[in-house]
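To start, the structure itself, in structure tokens.
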Amino acid sequence: MATSSPKKSSSNAARPPQAVKFSRRTSSGRVVSLSRDDDIDISGDLSNQNDYINYTVLMPPTPDNQPGSGSSSDTKPDGQQGTYGASRFASDSQRTSRRVEEEGGESGPAMGAKLDRRVSIMNSANNRSMLLRSQTGDFDHNRWLFESKARYGIGNAFWQEDDENQYGTDGGVTMSDFMDKPWKPLTRKVKVPPGVLSPYRLLIVIRLVALFLFLAWRWQNPNPDAIWLWVLSTVCECWFAFSWLLDILPKLNPINRATDLAALRDKFEQASPSNPTGRSDLPGVDVFVSTADPEKEPPLVTANTILSILAADYPVEKLACYISDDGGAILTFEAMAEAVRFAEAWVPFCRKHAIEPRNPDSYFSLKTDPTKNKKRPDFVKDRRWIKREYDEFKVRINGLPESIRKRSEMHNSKEAMKEKRLAKEKNGGSLPPDFKVEKATWMADGTHWPGTWHNPTADHSKGDHAGILQVMSKVPESEPVLGQPDERKLDFTGVDIRIPMFSYVSREKRPGYDHNKKAGAMNALVRASAILSNGPFILNLDCDHYVYNSLAIREGMCFMMDRGGDRICYIQFPQRFEGIDPSDRYANHNTVFFDGSMRALDGLQGPVYVGTGCMFRRYALYGFHPPRASEYSGMFGRIKSQAPIIRAQPESEEDESQPLNVHPDLDLPRKFGNSTMFTESIAVAEFQGRPLADHASVKNGRPPGALLAPRPPLDAPTVAEAVAVISCWYEDKTDWGGKIGWIYGSVTEDVVTGYRMHNRGWRSIYCVTKRDAFRGTAPINLTDRLHQVLRWATGSVEIFFSRNNPLLATRRLKFLQRIAYLNVGFYPFTSLFLVTYCFLPALSLFSGQFIVQGLNVAFLFYLLIISLTLTFLSLLEVKWSGIALEEWWRNEQFWVIGGTSAHLVAVIQGLLKVIAGIEISFTLTSKSAGDDEDDIYADLYVVKWTSLFILPLTIIVVNLVAVVIAVSRTIYSVIPQWNKLFGGLFFSFWVLAHMYPFAKGLMGRRGRVPTIVYVWSGLVSITVSLLWISISPPDGNTASAGGGSVQV
């Protein structure tokens, strides 16, 4: 035992200074390095089990912090030690050495040799001066640093390259040890405070119990005086309770998320052993923009969207943009060509001056000071120049229709003269009687436009034209191309002037083929982009939704590249709108859905896909399963188990070879079409979309540096293959639209596509950025808004009556996620009960009866409890979602307006399609503003009569007439019954308050009511009066019951 201690001490003494591994991560995500002995209180709400991660702190062997403590302590006076000699940072070898000397251990020549080697840093020409002490007796650090030209400790600021061994690098501690950084996640969850979420959940339970007791009381206490009124009201209230339950259950677990863009740059864009040049290792992103009609979707709006995408802050060589022109219009084609030319100046200008937003129209329309936070002295000059260029660009875009018309007329006249001359030569000098020359639409290069002509003919109409694919900007260089000073343009010295690849695509259309509207156009883009760029991620935007935050793509990539990101099928961004009237009369912002419901779904299996502002994983869009999935069984899906792996069946096998217990949505896709190049791109996209395998906990990752190879340039065979895959016959006998890509068969293909992915076990993420990611426009006109809601509601009805009903979902769909999708299919049917309930107050006032026999204490108590719990739930929902009370109230109002108009019509149309097979056609929502250019809200006051107005207008008129009749009858009654009158008035005013925005919309700009409203009001009033007289004719006596009646 006596001999073992010196050996142990000797072995410890030979080690380098040990590292203290200790740090914590704060609630904001910042890593704070701590000593293991620091007296810091880290208990409380900010600490958790994941706060502490490995970090390395090295204590350098400065002259007063030497590993050998025996000699240094002997030179000090009694009771005095070196500044660091007895500090709490002393290494284990120091403490062992002291203990050995005190115990009389080894202190001979061997120990002296070790001490000499440990203090070898002091062997210099002026070591004597370095050992001089200050007047206080402590070591003079400043003098030592000055005379030795050394550094105090090791830090992350700067160090000299010489004297690499002065800290004992030959003993095992190297600079690479110090530079090892802790693994940082790219995202983190920010949970809703328990002080808000716990009362919210408790109130849900209380209101649920109150609703159950109230409905039980209602069924047990009928109103014998008006049994029909009691039955109707009770049935409606039961459905409203069921509808509320479907809506509130998915909101039990709302969460927020945050990203770390700095960590993303460190991992993917910094020099490392696997990436010596520091080139971007991020995966590629293909951005899809869809348009169909340049009349309703102005080319200038689409061009601004394209410019914002091309200027996004993402590696240029990894970004590609595609536009799908489903109308095949030459106006859109030439507008995009002009946009690409303007982008050559706009994109470098945005990079040079960090412009936000990068939509030129929105940027130049900002009301704030444009010079704020701009430091370059040439900014004002550059902005003035680019503003003039943009004005000229707008003039060119606005002049394109006239330019195309004049060009076509010129070429057509020349062609007509040639045709006439040839016809005369063939016909003996005279024109044949059936001579006719087609008026074609001509391109700028003097050739026929292959798409839709202004005068449609065979092979050149909207539903009959060839496929068009034009790469308008080539694949950028892999290395930055720096600009040069140019007197005619801007000074782009040191600025990367490359722009991403941009392609115009118009798929082939022929008569006799079902082209499946927007879903078919998006699938054509998926195939064409797989051939040209094959980005593993796809960002889908509408033509009027532009990139408002240039870092939005990076924010989404943080989730895809983080640990567990390989299980994410898409990232849904919230929709934000511009040009909405300040009062948001028709709830166009829809913040209750985007900030409330979608945040809550993010705490389950993920938000639904809403059609735009969504970043897809290409591999998930192809219909494949996630690498890992779970199944949920038992009561309410509480039993979680690992989902089995379903192997792909060969394409040659028959469908009967599939096991009978396999859900159709779990059947893997097999028929991608006959393009070998496309099929080979699938595996490449899957590999490139994997997260970085830089940590042991990252599963299914890819090695660092795997995406550094430059993209090969495009050649003629590749472009020809891309044209082939957008042909109308390519999807024949394939799984496109069924298992692959956007799903066909519904007007709301977005919801169905997202549902299919969730049904396979994928999950989605809701990414709410600090600065809005994307912004777009929404219809502020009442008619356009109702038609938009009608399309959404019709799609929901189609989902309910199709195989996409969540009641038929797989066990990979979570229980509450299933409830959320069930609510999507159920909510239009609430209109049947809502319309009935809106007429009940009027019927109650007409009849003098009420839904209950009397306003007793039990009814009022239940009504008070239900109303108070709903109010408090709304306040707490406003608290955790961040919406305003006015926005919540506008949403409630438009729920009643839409429910009594568009939703009811959607149910009827859906039933007609399911039962009678009658197809439904919808008009495209106009993206253009009103005729008054001086008033951006001019479209708000335009009254466009539609049949959707009939039922809400009838409800308003009937309730107003009922209020007048009931009040008059009660006032002139001998024994007035005010309690029944007030009950009916309360519910009638509830209906009218919700209908107020609708009535205001009918009055136009200055309260001028259209004539049609007066006509309908008079007609409804006369009809209601005559109907009531025929049902309950006056008896000539003044009644004394039921509130009385007017004596005739």
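Here are a few things to note about the model shown:
- Estimated dipole of the stretch 439-493 in Debye, rounded to 20 [Cβ of Lys and Arg +1, of Asp and Glu -1, Cα centre]: 320 debye
- For the stretch 353-435, the fraction of C-alpha pairs more than 22 angstrom apart is 56%.
- Tensor-based shape of the stretch 774-871 (alpha-carbon gyration tensor, a/c under 1.5 rounded, otherwise prolate or oblate): prolate
- Where only C-alpha atoms are counted, convex hull volume of the stretch 801-922 per residue in Å³: 198 Å³
- Here the ratio of the Cα radius of gyration of the stretch 258-337 to 2.2 N^0.38 Å is 1.48.
- Contact order for the stretch 652-773, expressed relative to its length and based on alpha carbon pairs under 8 Å spaced 6+ residues apart, stands at 26 percent.
- Modelled label positions at VAL974 and SER461, each set 7 Å beyond Cα in the direction of Cβ, lie 7.6 nm from each other.
- Members of LYS189/LYS267; LYS518/LYS944; LYS318/LYS394; LYS296/LYS474 lying beyond 23 Å, as alpha-carbon distances in this model show: LYS518/LYS944; LYS318/LYS394; LYS296/LYS474
- Modelled spin-label separation between LEU208 and LYS770, with each label point placed 7 Å from Cα along the Cα-to-Cβ direction: 3.8 nm.
- 15 Å cut-off, amide nitrogen to a point 7 angstrom out along THR836 Cα→Cβ, residues in the stretch 864-889: none
- In summary, the stretch 661-710 shows an alpha-carbon radius of gyration equal to 1.57 times the 2.2 N^0.38 Å reference for compact globular proteins.
- Across the alpha-carbon set of the stretch 669-808, the Rg to Rh ratio works out to 1.03, Rh being the Kirkwood radius.
- Label point of PHE240 set 7 angstrom out along Cα-Cβ; within the stretch 963-994, amide nitrogens under 11 Å from it belong to 987-988, 990-991.
- Gain in span if fully extended, ASN253 to GLU578, counting 0.36 nm per residue against the direct Cα distance: 114.0 nm
- Sum of side-chain charges, ILE897 neighbourhood, beta-carbon under 13 Å (Lys, Arg +1; Asp, Glu -1): +3
- Among the trypsin sites (Lys or Arg not before Pro) found in the stretch 778-823, those both in a DSSP coil and sparsely packed, with 14 or fewer other Cβ atoms within 10 Å of their Cβ, are ARG803.
- Surface share of carbon and sulfur [accessible, 1.4 angstrom probe, percent] for the stretch 439-552: 52 percent
- Accessible area in the full protein assembly, largest first, 1.4 Å probe, for MET443, MET410, MET995: MET410, MET443, MET995
- Of all accessible heavy-atom area on the stretch 309-414, the percent that carbon and sulfur account for (1.4 Å): 52 percent
- Contour excess over end-to-end distance, with Cα ends at LYS879 and GLU419 and 0.36 nm allotted per residue: 158.2 nm
- Charge context of ARG421, other residues only, Cβ under 14 angstrom, K/R +1, D/E -1: +2
- For the pair VAL684 and ASP445, label points projected 7 Å from Cα toward Cβ lie 2.6 nm apart.
- Solvent exposure, largest accessible area first (probe 1.4 Å, DNA, RNA and ligands not counted), of HIS460, HIS448: HIS448, HIS460
- The calculated FRET efficiency for the pair LEU808 and ARG265, based on their C-beta separation and a Förster distance of 35 Å, comes to about 0.20.
- FRET efficiency, 1/(1 + (r/R0)^6) with R0 41 Å, evaluated for LEU863 and ALA938 via beta carbons: 0.40
- Estimated FRET transfer efficiency (ASP491, ALA999; beta-carbon r; R0 45 Å; 0.05): 0.20
- Qualifying lysines (Cα of each under 20 Å from Cα of LYS372; at least 8 residues distant if same chain): LYS352, LYS381, LYS387, LYS770
- Gain upon complete extension [SER633, LEU215; 0.36 nm per residue less C-alpha separation]: 147.4 nm
- Where the stretch 700-790 is the region considered: accessible area per residue in Å², 1.4 Å probe: 33 Å²
- Set of the stretch 475-506 residues, backbone N closer than 12 Å to the point 7 Å along the Cα-Cβ line of GLU392: 488-490
The values are calculated or read from the model by the stated rules, or taken from the named source; none is laboratory data. Predicted, not measured: the structure shown is a model, and the values here were computed from it. All Cβ positions, glycine included, derive from the backbone under ideal geometry; neighbour counts span all protein chains shown. Side chains are part of the model used for accessible areas, which takes the heavy atoms of the whole protein and leaves out ligands, DNA and RNA. Shrake-Rupley method; radii C 1.70, N 1.55, O 1.52, S 1.80 Å.
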